[in-house]
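The values are calculated or read from the model by the stated rules, or taken from the named source; none is laboratory data. If you're wondering where the values come from, they're calculated on a predicted model, not measured in any experiment. Glycine gets a Cβ as well: all are built from the backbone with ideal geometry, and neighbour counts include every protein chain shown. With ligands, DNA and RNA removed, areas are computed over all heavy atoms of the protein, side chains included. Shrake-Rupley method; radii C 1.70, N 1.55, O 1.52, S 1.80 Å.
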Amino acid sequence: MQALSPRTKAPELALSTVSGKPFVLSEALIRGPLVLAFFKVSCPTCQYAFPYFDRIYQAHKTDPVTFVGVSQDNLKDTEAFIKQYGVTFPVLLEDTKKYKVSNSYGLTNVPTVFLVSRDQEIEMTIVGWSRVDVEELNTQLSMMAPDQQTVPIFRVGEEVAEYKAG
């Protein structure tokens, strides 16, 4: 099985954030599109990617888009990851016994990121780290914003890997 591809209906999900708040996909989509970023705290590619994902979140946090991480680890380890890698967007906790949500999205590797439209259709899937795909995600989110301004997420002179397997 592979990660769900674009033009596929995103499975419903209901998880809690690290702070205990309930999160339901269909309710979040009322606000607008949603970015789901799955990860494991021990994954080196996740450790590399999540600070960049947070830059995308910061660039779009006032836009009608929801950005959430989905941790495949326990609360304590997830909180340490959030702090160490500067993650400021909400993070949900997956059931670490059954990985029901991860399995429903066809995950085989992390990080895996999905852009989900308001009608609950997957518009984009990124598995691992791909600079081009991450830039495309940022552009897609910019096109959904009221001002449609693309904010660069990579800094001038910053060395950013083109690809890292998940």
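Brief remarks on what is shown
- Assigned charges on the beta-carbon of Lys, Arg, Asp, Glu; the chain dipole about Cα centre (debye): 400
- In segment 22-78, chymotrypsin sites (Phe, Trp or Tyr not before Pro) in a DSSP loop with at most 12 other beta-carbon atoms within 10 Å: none
- Percentage relative contact order, the chain, counting C-alpha pairs under 8 Å, at least six apart: 31
- Proximal charge balance of Leu29 [Cβ under 9 Å; K/R count +1, D/E count -1]: 0
- Charge context of Ala10, other residues only, Cβ under 12 angstrom, K/R +1, D/E -1: -1
- Farthest towards the positive end of the charge dipole of the chain, among the residues Thr125, Asn138, Val160, is the Cα of Thr125, using unit charges on the Cβ of Lys, Arg, Asp and Glu.
- Averaged over its residues, the chain has an accessible area of 50 Å² per residue, based on protein heavy atoms and a 1.4 Å probe.
- Sequence of Ser104, Ser19 from largest to smallest accessible area, 1.4 Å probe: Ser19, Ser104
- Beta bridges per DSSP with both ends in segment 18-166, % antiparallel, nearest 5: 55
- Whole-Å distance, taken between Cα centres, linking segment 44-115 and segment 120-157: 16
- Atom-type composition of the exposed protein surface of the chain places 52 percent of the accessible area on carbon and sulfur (1.4 angstrom probe).
- Amide H within-cut-off set for Met124, under 5 Å, with H built and near neighbours excluded: Leu115
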